[in-house]
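Asker: First, the structure itself, so that you have it in front of you.
Quick note: the coordinates plus some simple rules give every number you see, no bench work behind them. The model shown is predicted, which means the values in this text are computed figures rather than measured ones. Quick reminder, even Gly has a Cβ in these numbers, built from the backbone with ideal geometry, and neighbours come from all protein chains shown.
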Amino acid sequence: MKTIASCVEDIIISSPFLEEALSRNIINYSALAEDLNDTISKMLRKPIKNGAIMMALRRYNQPINVDNSIQLKKVFKNLGDITVRSNLSDFTFQNSKTLINSHSKILEKINTNHHIFYGFTRGILESNIIISSVEKDAILKIFNNETLIGLQDKLSAISINLPRGNSKIAGLYYQMFKRLAWENVTLYEVISTTNEFTILVEDHLVDKAFSVIKSLKN
């Protein structure tokens, strides 16, 4: 049977920003109860008093997995080097039978230049290439027979070395994405390997994004 408390819990769980605000004690309970009244009244199919909703909000306890919480703190404390690379371009091409051939040509060209940033991801319908902008003309030339879906310049990449065993920790990426979203940092691209995590953002957001990632260690 649905209760006010269960309705409040359902709403909070489905609203990460709300859950974060409640955990920080920066929510006006009275105003929030009034805002949620219509929704909860419809869920219970009867009128509900704001005071009852406010009481449920105050009694709500965020579920905590103690073991996982300890592991998360340990992972964040042991985050490795944070590397920032700027002047990047992101290309999105439609997948084709010849795309891999074009990809091999650009790899051959930049193989000996270790200062070039390069990332390649292949999806079901499209593929992305992230590369230092100095190679932009080379990409356009080598991939001139491919279908270019999107191109974005003035991007920066922030890469974080993760401790081994990070893939066993539930909520690791959620915590990163939540912090970035809370600070209104829009992610243009995400690249992940087993022990390395990279986000791609527009240049004007790189300082804020770096600050958020660095603060995770604390």
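Asker: Round to the nearest 10 and give me the degree value, 0 to 90, for the angle of helix 172-182's Cα axis relative to the longest principal axis of the chain.
Answerer: 80
Asker: Need one number: the % of Cα-Cα pairs in region 84-212 sitting beyond the 27 Å mark. Walk me through the numbers before you get to the answer.
Answerer: Values: 1902 of 8256 pairs.
For region 84-212, the fraction of Cα-Cα distances above 27 Å is 23 percent.
Asker: Which of the trypsin sites (Lys or Arg not before Pro) found in region 60-160 are loop residues per DSSP with 13 or fewer other Cβ atoms within 10 Å of their Cβ?
Answerer: Details: sites: 73, 74, 77, 85, 97, 105, 109, 122, 136, 141, 154; in loops: 97.
Loop-located and lightly packed - 97.
Asker: Pulled fully out, how much extra length does the chain show between residue 1 and residue 13, if you take 0.36 nm times their separation in residues and subtract their Cα-Cα distance? Mind dumping the intermediate values first?
Answerer: On the way: separation 12, 0.36 × 12 = 4.32 nm, distance 1.84 nm.
Contour length minus Cα-Cα distance gives 2.5 nm.
Asker: Here is a further query. Would you mind checking the pairs 154/178; 178/217; 168/214; 73/168 and listing those with alpha carbons more than 19 angstrom apart? If you can, show how the numbers build up before the last one.
Answerer: Values: 154/178 24 Å; 178/217 15 Å; 168/214 22 Å; 73/168 14 Å.
Cα-Cα > 19 Å for 154/178; 168/214; rest within.
Asker: What translational diffusion coefficient, in µm²/s and rounded to a whole number, does the Stokes-Einstein relation yield for region 4-63 at 20 °C and a viscosity of 1.002 mPa s, taking the hydrodynamic radius as the Kirkwood radius over Cα pairs? Before the final figure, lay out the partial values.
Answerer: Numbers: Rh = 11.4 Å.
Answer, rounded: 188 µm²/s.
Asker: Hey, another quick one. What are the lysines whose alpha-carbon lies under 25 Å from the alpha-carbon of residue 97, with same-chain residues fewer than 8 places away excluded?
Answerer: Here the lysines satisfying the reach criterion relative to residue 97 are 105, 109, 136, 141.
Asker: Between region 70-149 and region 1-36, what's the alpha-carbon centroid distance in Å?
Answerer: Cα centroid to Cα centroid, the span is 41 Å.
Asker: As an exercise, take the mean of 1/r over every pair of distinct alpha carbons in the chain, invert it, and state the Kirkwood radius in angstroms.
Answerer: One over the average 1/r among Cα pairs gives 20.6 Å for the chain.
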